[in-house]
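Down below is the structure, laid out as structure tokens.
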Amino acid sequence: MIVKDSVRRLGEGLFMRVLKSSLQVPYDVIVLVDDGSDSTAEAVRRFADAYGKELIAERSRLPPGWARPTRATARQTAVDVFLQSTSDEWLFFLDDDCVLNDGWWRWAVLHGVLDDPEVGEVWGINWDAFPERERFLKALGIDLKAYLIKKFEERGGTHDTLYRRAALEGVKIPPEHIYEDAWLHFHVKCRGWRYAVNPVGVAHFHVADVDLRAEKEKLRLAIELTLKYGISEYRDDMLRAAAGGIPDLLRPVAGFVPMLITAVRVYGLRRGAVEAAKRQYLKLWFRWQALRLARGRRLPDPCEAVGCDVAGGCGGPCDITKPETVPAGRAWILQHVLEHVPEGAWRPLFARAADAGVKLIVAVVPGHISDDPTHICNHFAPRGNMYAGKFGAVKICSTSALRRAMEDAGYRTKLFVDTATFSRPWDLDYIVVAAKRGLVRGLLPWLARRKLAQLKAVLKVW
């Protein structure tokens with residue numbers, strides 16, 4: 001648990017409810033990172049003594065050149081202490097304002113997520129303890145559960161989250177990052193681990209900021225960090241706003257009256273008018289900043305930020321030149337292929353794919369399909385200058401050789417060149433699609449369930 005003046009901010013009664021709710025989880029050690037100055041650490045110590053828990057209490061370990069503790073330094077310290085001072089398989093983060101709902105741990109056990117070797121993260125839904133947001137979203141026709149899960153997928157969350165030890169290896173959160181939970185989420189996801197959503201979740205006693213300056217400052221920091229790392233809950237919003245241009249700035253203005261009607265219905269006249277004005281102003285300000293700063297720029301991909309989009313790969317066990325290390329699956333997406341992988345590696349790889357039951361292979365040459373969870377290796381270890389495209393490197397492998405290797409393994413191949421249909425066309429020259437004969441139709445529902453929008457253009461080929 002990372003804390004800062006929790007007892008002073010929440011009251012000791014609520015804070016002790018949070019701690020006692022954790023007792024449904026069978027743990028022996030509490031890792032506490034306390035960067036505050038109140039009696040929170042003493043309250044946790046009394047709790048640990050009362051229930052026979054070992055307590056490891058620390059303050060943030062600050063990296064060289066960094067002078068002040070942040071949520072990121074606290075989160076990183078907690079991870080480091082877990083990896084260095086314990087031997088447990090799972091680290092459980094619980095926020096200081098989240099009370100675990102009864103049955104949280106029972107759900108995790110009954111659904112077998114802890115025994116699934118592919119799961120690296122188990123997140124519980126952060127149900128609001130107060131009804132205002134649910135009422136407001138309902139008035140807009142938005143389901144709260146779907147909304148909260150979508151937010152988790154965009155930015156992660158450590159309200160009540162389990163992380164597998166192996167999934168945390170190597171994580172380094174930048175000390176200034178206010179989305180340190182998002183950093184952890186993408187560190188795990190981009191290395192191929194699956195996540196599970198626990199619907200039991202927590203009662204979240206978070207009180208949203210009502211101060212306009214505070215919310216504007218949060219947005220400013222989010223924009224700054226999105227431009228630098230690509231990790232925040234507003235990344236997609238920035239891309240849309242930048243692409244929409246000047247006409248997109250008119251949408252918050254045009255939407256003020258509908259928002260006013262909805263807010264007044266939920267909050268009453270006085271608060272509703274203030275809420276509507278604040279929301280639409282922040283939308284307008286955000287869109288203007290996105291248009292001014294992000295238009296024409298390539299925002300970093302989250303996987304790049306967490307170290308998975310570099311020539312040496314993520315440091316995980318997957319090596320495309322050693323097919324036995326590549327996991328099985330119903331579909332593979334191979335990224336940055338010709339410039340990094342020698343031709344001799346393709347035949348054993350595709351033979352492995354056929355034996356492992358892989359039905360569809362998409363080889364992106366030389367770029368990648370962004371934000372896609374099914375790729376088996378993000379980038380591959382470089383093997384010299386192998387790509388003979390626009391950079392003029394020496395040609396070692398070719399698309400014809402790639403297709404022949406696929407076809408010899410029993411796949412049907414097609415070359416797809418119309419990159420304009422992709423969301424990231426500047427990353428792509430062309431792609432090769434390979435599918436087992438007669439099985440493409442069976443893949444469509446599987447792909448649709450995972451919402452791989454970027455693959456719609458690929459499927460048109462068939």
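Quick note: the coordinates plus some simple rules give every number you see, no bench work behind them. Since we're looking at a predicted model, the values are computed, not measured. With ideal geometry, Cβ positions are generated from the backbone for all residues, glycine too; neighbour counts draw on all protein chains shown.
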Item to check | Computed E for VAL29/ALA254 - FRET, C-beta separation, R0 60 angstrom, nearest 0.05 | outcome: 0.65
Checklist entry - Under a 5 Å amide H to amide H cut-off, with H placed in plane at 1.01 Å, what residues pair with ARG61 once short-range neighbours are removed? => result THR77
Checklist entry - Which residues' amide hydrogens lie under 5 Å from the amide hydrogen of LEU32, considering only partners 5 or more residues apart or on another chain, with H built in the peptide plane? => result ILE56, ALA57, GLU58
Checklist entry - Between GLU42 and VAL264, what FRET efficiency comes out of the Förster formula 1/(1 + (r/R0)^6) with R0 = 56 Å and r the beta carbon distance, rounded to 0.05? => result 0.75
Item to check | Karplus-derived HN-Hα couplings along segment 31-48 (A = 6.51, B = -1.76, C = 1.60, θ = phi - 60°), whole Hz, x at Gly and Pro | outcome: 9, 10, 10, 10, 9, x, 10, 9, 9, 4, 4, 5, 5, 5, 4, 4, 4, 4
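Between LEU114 and ALA356, how high is the FRET efficiency from 1/(1 + (r/R0)^6) when r is the Cβ-Cβ distance and R₀ = 25 Å? Nearest 0.05. Spell out each step's value before the answer.
Values: r = 25 Å, r/R0 = 1.01.
After rounding, the FRET efficiency stands at 0.50.
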Checklist entry - If Lys and Arg each add +1 and Asp and Glu each add -1, what is the summed charge of the other residues whose beta carbon sits under 13 Å from the beta carbon of ARG164? => result -3
Checklist entry - Using modelled backbone amide H atoms (1.01 Å from N, in-plane), which distant-in-sequence or interchain residues come within less than 5 Å of VAL119's amide H? => result ARG194
Checklist entry - What's the extension gain from GLU176 to GLU12 if we count 0.36 nm per residue and subtract their Cα-Cα distance? => result 56.1 nm
Checklist entry - Simple spin-label model, 7 Å along Cα-to-Cβ: SER87 to GLU224 in nm? => result 4.4 nm
Checklist entry - What is segment 2-204 by shape, rounded, prolate or oblate, if you read a ≥ b ≥ c off the alpha carbon gyration tensor as root eigenvalues and call it rounded for a/c under 1.5, prolate for a/b larger than b/c, and oblate otherwise? => result rounded
Checklist entry - What number, in percent, do you get for the relative contact order of segment 2-204 if the mean sequence gap of Cα pairs under 8 Å and at least 6 apart is divided by its residue count? => result 26 percent
Checklist entry - Quick one: net charge of ARG106's neighbours, Cβ under 15 Å, K/R +1, D/E -1? => result -3
Item to check | Length gained when the stretch HIS206-ARG106 is fully extended (0.36 nm per residue, less Cα-Cα span) | outcome: 33.5 nm
Checklist outcome for this item: In order over segment 63-73: 3J(HN,Hα) from phi, Karplus 6.51/-1.76/1.60, θ = phi - 60°, whole Hz, x for each Gly or Pro, gives x, x, x, 10, 9, 10, x, 9, 4, 5, 5
Checklist outcome for this item: Of the listed links LYS20/LYS216; LYS4/LYS216; LYS151/LYS436; LYS228/LYS414; LYS151/LYS172; LYS4/LYS172, those spanning more than 27 angstrom between alpha carbons are LYS20/LYS216; LYS151/LYS436; LYS228/LYS414
Checklist outcome for this item: ALA166 and ALA129 label points (each 7 Å along its Cα→Cβ direction) are spaced in nm at 3.7 nm
